[in-house]
Structure formats: structure tokens, C-alpha cells
Amino acid sequence: MRKKWKRIILFFVILAMLLAGCSVWLQAEAVKLSEFIPGRSRPFVAIAAERKESIDLVVLGDSESYTSVSPMQLWKEHGMTAYVCGQPGQKIQETYYMLKTALRTQSPKVVLMETNLMFRDPGPVKNLQTTLAEPARYHFPLLRFHNLWKMAFDGKKPGESVYKGFAIRSNVNPFDSGDYMKETKEVQEMPKAVSFYMEEIQELCRRNGAELVLMSAPSPKNYSYKKHNAIENYAKEKEITYVDLNLQIRELGIDWKEDSYDKGDHLNLYGAQKVTAWLGGYLKEKYEMPDHRNDPSYEDWNQMEEKYEKEIQKVSL
């Protein structure tokens, strides 16, 4: 019986070693091919492909994050290096492991988390699946990039240009349903899984010397005063900075006839420019973010910013 168990244990040890070895190789290959990787895996490998210790601001969140914050604009206006690690429908478990991935190679001064995902509850079964799957994908990238060979041989890049996690989306589809932030004392409940992983995210930030900032991007479809109250109460309890831009629409200059991409769900390029302009000034003043524009080692940022400006000019014609 002992021999049988020894063989079983030995089998799993060898299997784990093979998985680990393949994962190390595949992770390195994925970084080389980061521009070809589409979908939900892209931000994991894209942040890993950035030069070590070069990112001062890591942005986390679902689609509200990568449609609201433009790193190239932050670079142009402040010399700030930012990367948006957003995914469509990002879950809190993915957010935690996204941050762990970023902190392997970066030491950001600020981690900015867009808060829409704090209310996402896919249900107990899917929550359990994601809770089990994400650590496995983190420790064994083979599970995340198992179809990398298809991407490599296909040779196709994603359909839209992505600038440090931000995609230029210039379509205009107005929101015209009136005031969506009517004051109330009601509080929307946050899922228990979110509360658990938020503690882990805060601890990650503390250990790595990063300031965690919560931000709610303007979105009539996704925000309400009940959600504002929930996040504000949580932020006060945990002593986290919270900025709700849904309460600063006039200050930002948001015009829902021009700045909405899809009827108040996401901002378009023009709305993102307004949010980013405000955010850059806020972060620069409060956290003294460094200006790298005259640093020769960041010349690739200047080159990307030039490309970004040319594309903006094309879509704005």
C-alpha cells in the first residue's frame, strides 16, 4: 500500500514539475507575442511585457477602466507612466491576480481601481469556479496561454490599437435619460467574495508600498447613489481614498450628448479625455507622481504618444 501511495505522490510531483517548467517557457513566449494576444488574457501578459520598474500607476477594473483612463494622455500632460489592466466584465478574483501579476515586475506609487466590479456577483457556482481557476492560471500560465500556438501561427493582431491598455473609441451614442445620481440614504449590498478579495488587494498594496485609490468612472448605466453610499462607507471604514466622478459631471465637463460611447454605459474617447485630464491633475497634486518625459530611457513612450496623437487626429476629422 505504501509503495502504491509513493508512486501516486511521485506521479503528481513529476506532473507539477512538468507543468511548472512548461509554464515558465510559455509565459516567456507569451510576453514576446503580447501584441498578438487578444481577449481576457491580453492584460495579464501585456503588463508583464512592460520594462521592469517603469510603471508608476496601475489601473484595475472592468471595461469602465479601459474606456475612462488614457495612459498616453497622462504621459503627454504629466510624464506619468500608467498601464490599464482592465478586462471586459473583470471579476474581483481576476483583479487580485492581475495586481499580483503586475507587482511581479512593477512597483507603482498608486494602484487605481475602478469600482464597478465591486458589485459583480456571478453567483456561488461561478464564483467558486473563478476562485479555483485564477490561482491555478497565475501559478501555471500554461492554463491561461494553452492556445498560444494558434495565436502565433495566425499572426493576427487584435482589431483595435491598444495604447497601454486604452483603446480609442470615438463613436457617439448619447445618454439622454436625465439625472441618475439622485441622493438617497439607501445602500447597495456588496457580494461577500468582493469583501474578501478587497482585503487581499489592500494587503498586496500595503506590502508593496502602493497607495490604493478607488474611483467610480462616469457611467449612468452602472452607477447610482446607492452604490456610491456603499463604496463611500467601505472606503471610510478601511481608510481608502475614494473618488466618485459621477458626482463631478459638471466639474469634468461631461456632456452626455457627446461623451458617451453606448448610451451611458461607457465613455467614448472625448469623455475619457475629460476624465483623464482631471485625474492627471489630481494624482500629480496628491501623490507627486514623477515626470519621465525628459528621461531618455522612456523614449518609447514619446514614440507611442506620437502614434496615439496621429490616430486621434484621424478619428476626430
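Observations, loosely collected:
- Test: residue in the stretch 159-166 that is open to solvent by 20 Å² or more (accessible area, probe 1.4 Å) and free of Cβ contacts under 8 Å to residues at least 40 places away in the same chain: yes
- Scanning the stretch 60-74 for residues that are more than 24 Å from Q303 (Cβ to Cβ) and either open to solvent by 10 Å² or more (accessible area, probe 1.4 Å) or without any contact (Cβ under 8 Å) to a residue 40 or more places away in the chain (or both) yields a single hit, S63.
- Within the stretch 188-222, tally of residues that are without any contact (Cβ under 8 Å) to a residue 60 or more places away in the chain and open to solvent by less than 80 Å² (accessible area, probe 1.4 Å): 5
- Residue within the stretch 249-266 that is in contact with an Asp or Glu (Cβ under 7 Å, 6 or more places away or on another chain) and closer than 20 Å to S161 by Cα present: yes
- Within the stretch 237-251, tally of residues that are part of a helix (DSSP H, G or I) and crowded, with 18+ Cβ neighbours inside 10 Å: 3
- Count of the stretch 115-140 residues, restricted to those that are within 21 Å of A48 (Cβ to Cβ) and either touching a His at 6+ places or on another chain (Cβ under 6 Å) or not in a helix (DSSP H, G or I) (or both), is 1.
- Residue match in the stretch 48-69 (condition: modelled with pLDDT under 95, in contact with a Gly (Cβ under 8 Å, 6 or more places away or on another chain) and more than 22 Å from L267 (Cβ to Cβ)): no
- Qualifying residue in the stretch 291-298 (condition: of a type in the set (F, W, Y), farther than 25 Å from S170 by Cβ and in a helix (DSSP H, G or I)): yes
The values are calculated or read from the model by the stated rules, or taken from the named source; none is laboratory data. Computed from a predicted model, the values in this text were never measured in an experiment. Neighbour counts are summed over all protein chains in view; Cβ atoms, including those assigned to glycine, are modelled from backbone coordinates with ideal geometry. Surface areas here come from the heavy atoms of the whole protein model, side chains and all, with no ligands, DNA or RNA. Shrake-Rupley method; radii C 1.70, N 1.55, O 1.52, S 1.80 Å.
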